[in-house]
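Have a look at the structure below, then the notes.
Bear in mind that the values in this text are calculations on the coordinates, not laboratory data. What you see is a predicted model, and the numbers here were worked out from it, not measured in a lab. We place every Cβ from the backbone using ideal geometry, glycine too, and count neighbours over all the protein chains shown.
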Amino acid sequence: MKRATFTVLFYIKRTKTLKNGTAPILARITVNRQRAEFSLQKSIEAENWDNHKGCIKGFTKQSRDLNSYLDFVKMKLFEHKREIEEQNKILTATELKNSYLGIEEKTRTILQVFAEHNEKCRQLVNKDFAEGTVERYFTCYKHLKEFIRRKYSRDDMLLHEITPLFINDFEFYLKTTRDCNHNTTTKYIKNFKKIVRIALANGWLKADPFKNIKFHLDDVDMAYLSEDELNNVIQKEFRIERLQNVKDIYLFCCFTGLSFVDVSNLTESDIIKEKDGHYWIKKKRQKTKNWCHIPLLPMAMQILDKYKNYPKCIERNKVLPVLTNQRMNSYLKEIADVCGINKKLSMHTARHTFATTVTLSNQVSMEVVSKMLGHSSINMTKKYARVVDELINKDMQKIFAKYDNNIAV
C-alpha cells in the first residue's frame, strides 16, 4: 500500500491580528496534499516570526517557551498519526486534526452516505438530474437496504465493510431474489459504485472495493413497430379517452423520436415556425443536454392541433396530456393487445420506431437521424438502427435487374 505523505507547518495569520496587535499562530497539517488547519491559541508580534523556519526568532525566554511548545505540538501530532495508522483507520488531515483536538468524528455508514446523496439528487431534479435517474438511485438504495438486512441481519454497515465479496453478493441478490436481468443489475451496481466513489473522494473509505471489478452491458434488441403495425395503431380508434390519449402521444413520439421525459416537458415555446411555413421542434434533450431539431410530420401536427385547447394541457402548460411513464407503458400493453401486436410496447419503443421504420427505412441518412434524436455521436444512433427487410429488398432490386439476363441456362 502506498504510504501517505505527511507534513506539519506552523505559521502566523498576519491578516487576523488580535486587539493587542499580535498575530495568532496556526498549525497546518497536510496529508496526501489535503490540508487541515487549527489555531494553537498562541500569538506573537509579526516581526518576531521566522517564516522560513516556521518558528519564533530570538533567544528570549518567551521565544524559547513558544518554540518548545511548537515542538511539543508537532510531536503529539506524530503520535496521533501513528495511533490512527495502528488502528487501521484512514489517515486524513481532518482525521488527524480531530484526533489531536479530541473531536469525535461520526462514523459513516453505507446507507447514510447513500441517503445523503439521494436527497441532494432529489433537490436537483430537472436541474442536474432527470426524475427517472433519481428514481433509480432511490430504488437501488431500497434494494441495498433489503440486501443488508437479509444477508447480514443488520440495519446498516460501516463503509470499510464494503468489499469485493460484498459487491458480488449484492449482484447475486439482485439477479436472484430481485429477479433483475443482467443489464438492470449492472446499472444498479453502477449506481452503488458512485456512492463508493464519493466515500473514497472524501477520505471515508481507504481502499476501492471496485478496483478489479469490470462492467459490461449485453446488447438488447429493442422492439419497434413495423410499417404495418404502425398503420394498424394509427387506424385504431378507442372510445376510452385515456387509451386514445396514450395512443396519440405514442404516435407523436413515433413521428418525432422524442423520449418520454422530453415529450412530457414539451411546451409551445419548443415548437418553432420556420420561414417556409413548416413547424419544427427545437429543444435540448433532458438526458444529454444536446439539441434536437425535428421537422414535424403531418401526423405529428394533427396530434398537436387535436390537443391545442385540451383542458389538461392548458392547466399544465404543456402541449400534450402525458401521464406518468409507468401508466403510459401500462396502457400501451392494452393498446398492443387490442391492435393484435405481439410485442412489449413502451414509450421507448416509439423512439426506436421513429429511428427504424419512419426515417432510416425511408432512406433518411444516419447523420440526419442522429441529429433529430439529439445523440452525442452517430455510434449511439447505430444502436437504434436496424436494416429491415423492406430496405434490403429495395436495395437488392437494383442488383436483380442488373443480373436478371445474365443467368446461364
Checklist entry - Farthest toward the dipole's positive end in the chain, which of Val125, Gln286, Leu217, given Cβ charges of +1 (Lys, Arg) and -1 (Asp, Glu) about the Cα centre? => result Val125
Item to check | Sum of side-chain charges, Tyr173 neighbourhood, beta-carbon under 14 Å (Lys, Arg +1; Asp, Glu -1) | outcome: +3
Next on the checklist: Going Cα to Cα from Lys57, which lysines come in below 27 Å? Please leave out same-chain ones fewer than 8 positions away.
Outcome noted: Lys13, Lys16, Lys19, Lys42, Lys74, Lys76, Lys97
Item to check | Cβ-Cβ FRET estimate between Arg327 and Thr139, R0 fixed at 25 Å, reported to 0.05 | outcome: 0.90
Checklist outcome for this item: A convex hull over the alpha carbons of segment 150-254 yields, per residue, a volume in Å³ of 190 Å³
Item to check | For the chain, built as a Gaussian network whose Cα springs stay under 10 Å, the top-fluctuating residue of Glu116, Glu315, Glu161 | outcome: Glu315
Next on the checklist: Of all beta bridges DSSP finds with both residues in the chain, what is the antiparallel percent, to the nearest 5?
Outcome noted: 95 percent
Item to check | Compactness of the chain, expressed as Rg and Dmax over alpha-carbon positions, Å | outcome: 32.1, 118
Checklist entry - With contacts defined as alpha carbon pairs under 8 Å and 6 or more residues apart, what's the relative contact order of the chain in percent? => result 10 percent
Checklist entry - What base-10 log of the normalised intensity I(q)/I(0) is obtained for segment 13-101 from the Debye formula, alpha carbons as equal point scatterers, at q = 0.11, 0.19, 0.26 Å⁻¹? => result -0.36, -0.91, -1.31
Checklist outcome for this item: Per the helix-only model, the chain has a calculated mean residue ellipticity at 222 nm (DSSP H runs of ≥4, -39500 (n - 2.57) each, divided over all residues, rounded to the nearest 500) of -15000 deg cm²/dmol
Next on the checklist: What's the magnitude of the charge dipole for the chain around its Cα centre, counting Lys and Arg as +1 and Asp and Glu as -1 at the beta-carbon? Answer in Debye, nearest 20.
Outcome noted: 1540 debye
Next on the checklist: From the P(r) of segment 244-363, could you give the percentage of C-alpha pairs in the tail past 23 Å?
Outcome noted: 28 percent
Item to check | Contact order normalised by residue count of segment 230-318, Cα under 8 Å, 6+ apart, percent | outcome: 25 percent
Next on the checklist: What distance in nm lies between label points placed 7 Å from Cα along the C-beta direction at Lys76 and Asp219?
Outcome noted: 6.6 nm
Checklist outcome for this item: Under the 7 Å Cα-to-Cβ spin-label approximation, Glu47 and Glu131 lie apart by a distance in nanometres of 6.9 nm
Item to check | Proximal lysines to Lys142, defined as alpha-carbon separation beneath 23 angstrom and excluding residues fewer than eight positions away on the same chain | outcome: Lys120, Lys151, Lys175, Lys187, Lys190, Lys193, Lys194
Checklist entry - Roughly how many debye, to the nearest 20, is the charge dipole of segment 44-92 about its Cα centre, given +1 on each Lys and Arg Cβ, -1 on each Asp and Glu Cβ, and no other charges? => result 60 debye
Next on the checklist: Could you tell me the extents of segment 187-238's C-alpha atoms along the three principal axes, largest first, rounded to whole Å?
Outcome noted: 61, 23, 12
